[in-house]
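J.: One structure coming up, written as structure tokens, with questions to follow.
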Ligand SMILES: NC(=O)c1ccc[n+]([C@@H]2O[C@H](COP(=O)([O-])OP(=O)(O)OC[C@H]3O[C@@H](n4cnc5c(N)ncnc54)[C@H](O)[C@@H]3O)[C@@H](O)[C@H]2O)c1
């Protein structure tokens, strides 16, 4: 599939572009020949400078702005052809501060959609959601499973945002599609912010500390490499058939958290390192297994083996540890 059609010579806005997945989306939009790529981010969820390599590139601009501020959002979407929304308040934040989650994950999305509606925007938009919207629903989760039981405030708010996007697509003709990610890993996910089990375990192992497993570690996770998630956004944006549809985006790499911890301790930890155990987190879902046929029909496939993805992630973390 020729992905350049959705991007070449277009003006692309990546909301949350300074973050983990957003920064890879910025890179891919640049590679695909966008005329201009703007990252719009309030930098609340990042520590590392994920876009430093693009400074000085005339096709790239980084704007400090907040999704919670309607006027800033309205200005950012002016003249834009493609919007990829990656901004989020994190799951871990939603446990400590539920209102912060509401403000970015629901009000923020309403700002974006209202700004598009009120300005008559004909831009294509792909919104990033999460498998957390399903929670305790029956597995495998398919793209349109109607019964959802989110077990976290984060999942509940992300589910509300999905419905805003679907409603605005049907009622006002906003050209929105939804991608749902599951346990993304890779370069630029900063474990100091408490997200990403692979990056947390790797960071611990490389620093000589044993990976800490929540509960018994029996939860199964589908680990997806970050650049594959970035690619999925362009696969979806490339066709109008995907408007008002939702796509589960996940690899076929599935294992328990304990298996992962043991593998990382053995491969990257000091000799004899073994995982340690800490209490279960609230809202933990044991088998969040998605049906991914929809995105595969659009051409989604894994671009690297799990070993290769882990190795790239390890190298990035090792580089970060050297800088600290
Ligand atoms: N990382 C995962 O494993 C995972 C899994 C499922 C879904 N997702 C979804 O993928 C998307 C990207 O997640 P990520 O892991 O890259 O997160 P991230 O925290 O690394 O990136 C999010 C970015 O949004 C920015 N941001 C937060 N609030 C903002 C606001 N009010 N205004 C402007 N910018 C704001 C942050 O500064 C950050 O740069 C999110 O929608 C998330 O819910 C991620």
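The values are calculated or read from the model by the stated rules, or taken from the named source; none is laboratory data. As the structure is a computational prediction, the values presented were derived from the model and not from experiment. Because the Cβ atoms are built from the backbone with ideal geometry, glycine has one as well, and the counts that use them run over all protein chains shown.
J.: Output the residues belonging to segment 191-216 that are surrounded by fewer than 23 Cβ atoms within 10 Å (Cβ to Cβ), touching a residue at least 24 places away in the same chain (Cβ under 8 Å) and assigned to a loop (DSSP other than H, G, I, E, B).
T.: Within segment 191-216, 194, 195, 196, 207, 208, 210, 215, 216 qualify.
J.: Just the residues that are part of a helix (DSSP H, G or I) and within 12 Å of residue 131 (Cα to Cα), please, taken from segment 158-190. Steps first, answer last, please.
T.: Quick first cut of segment 158-190, residues part of a helix (DSSP H, G or I) only: 158-172.
Within segment 158-190, 158, 159, 162 meet the criteria.
J.: Kindly state which strands (runs of 3 or more DSSP E) lie completely within segment 20-112 and contain at least 2 residues that are under 25 Å from residue 243 (Cβ atoms) and within 14 Å of the ligand (Cβ to nearest atom). Write out each step before concluding.
T.: Working: elements: 36-41, 60-64, 82-85.
So the answer is 36-41, 82-85.
J.: Residue 187 is checked against (1) away from the ligand (no atom under 16 Å from the Cβ); (2) at pLDDT 95 or above; (3) surrounded by fewer than 23 Cβ atoms within 10 Å (Cβ to Cβ) and fails just one. What number does that condition carry?
T.: (1)
J.: Let me ask another. Say whether the condition of being touching a residue at least 12 places away in the same chain (Cβ under 8 Å), buried (at least 16 other Cβ atoms within 10 Å of the Cβ) and over 22 Å from residue 195 (Cβ atoms) is met by at least one residue in segment 42-52.
T.: Scanning segment 42-52, I find no residue that is touching a residue at least 12 places away in the same chain (Cβ under 8 Å), buried (at least 16 other Cβ atoms within 10 Å of the Cβ) and over 22 Å from residue 195 (Cβ atoms), so the answer is no.
J.: Pairs needed: first member in segment 60-71, under 17 Å from residue 44 (Cα atoms); second member anywhere, outside any helix (DSSP H, G or I) and within 6 Å of the ligand (Cβ to nearest atom); C-beta distance under 6 Å; at least 6 residues apart or different chains.
T.: Once the first residue is under 17 Å from residue 44 (Cα atoms) and sits in segment 60-71, its partners that are outside any helix (DSSP H, G or I) and within 6 Å of the ligand (Cβ to nearest atom) give 66/42; 67/87.
J.: Quick one: count up the residues across segment 267-324 that are within 22 Å of the chain's Cα centre (by Cα) and at positive phi.
T.: First, pick out the residues of segment 267-324 that are within 22 Å of the chain's Cα centre (by Cα): 281-317, 320.
Those still in the list that are at positive phi too: 283, 299.
Result for segment 267-324: 2.
J.: Wholly within segment 248-324, which helices (runs of 4 or more DSSP H) include no fewer than the required count, namely at least 3 residues that are modelled with pLDDT under 95? Break it down into steps so the answer makes sense when it comes.
T.: Working: elements: 257-268, 293-297, 306-323.
Of the helices (runs of 4 or more DSSP H) lying wholly inside segment 248-324, those with at least 3 residues that are modelled with pLDDT under 95 span 306-323.
J.: Okay, next question. State yes or no: is residue 160 farther than 26 Å from residue 324 by Cα, within 14 Å of the ligand (Cβ to nearest atom), more than 14 Å from the chain's Cα centre (by Cα) and surrounded by fewer than 19 Cβ atoms within 10 Å (Cβ to Cβ)?
T.: Values: farther than 26 Å from residue 324 by Cα: yes; within 14 Å of the ligand (Cβ to nearest atom): yes; more than 14 Å from the chain's Cα centre (by Cα): yes; surrounded by fewer than 19 Cβ atoms within 10 Å (Cβ to Cβ): yes.
Yes, satisfied.
J.: Go through segment 1-19 and count every residue that is more than 10 Å from the ligand (Cβ to nearest atom) and buried (at least 21 other Cβ atoms within 10 Å of the Cβ).
T.: Taking segment 1-19 and keeping what is more than 10 Å from the ligand (Cβ to nearest atom), we get 1-13.
Checking which are buried (at least 21 other Cβ atoms within 10 Å of the Cβ) leaves us with 6-7, 10, 12-13.
Final tally of qualifying residues: 5.
J.: Quick check: is even one residue across segment 226-233 over 16 Å from residue 294 (Cβ atoms), in contact (Cβ under 8 Å) with a residue 12 or more places away in the chain and in contact with a strand residue (DSSP E or B) (Cβ under 7 Å, 6 or more places away or on another chain)?
T.: Here is the first cut: in segment 226-233, the residues over 16 Å from residue 294 (Cβ atoms) are 226-227, 230.
In the following step, the residues that additionally are in contact (Cβ under 8 Å) with a residue 12 or more places away in the chain were identified as 226-227, 230.
If we keep only those that are in contact with a strand residue (DSSP E or B) (Cβ under 7 Å, 6 or more places away or on another chain) too, we end up with 226.
Yes, some residue in segment 226-233 is over 16 Å from residue 294 (Cβ atoms), in contact (Cβ under 8 Å) with a residue 12 or more places away in the chain and in contact with a strand residue (DSSP E or B) (Cβ under 7 Å, 6 or more places away or on another chain).
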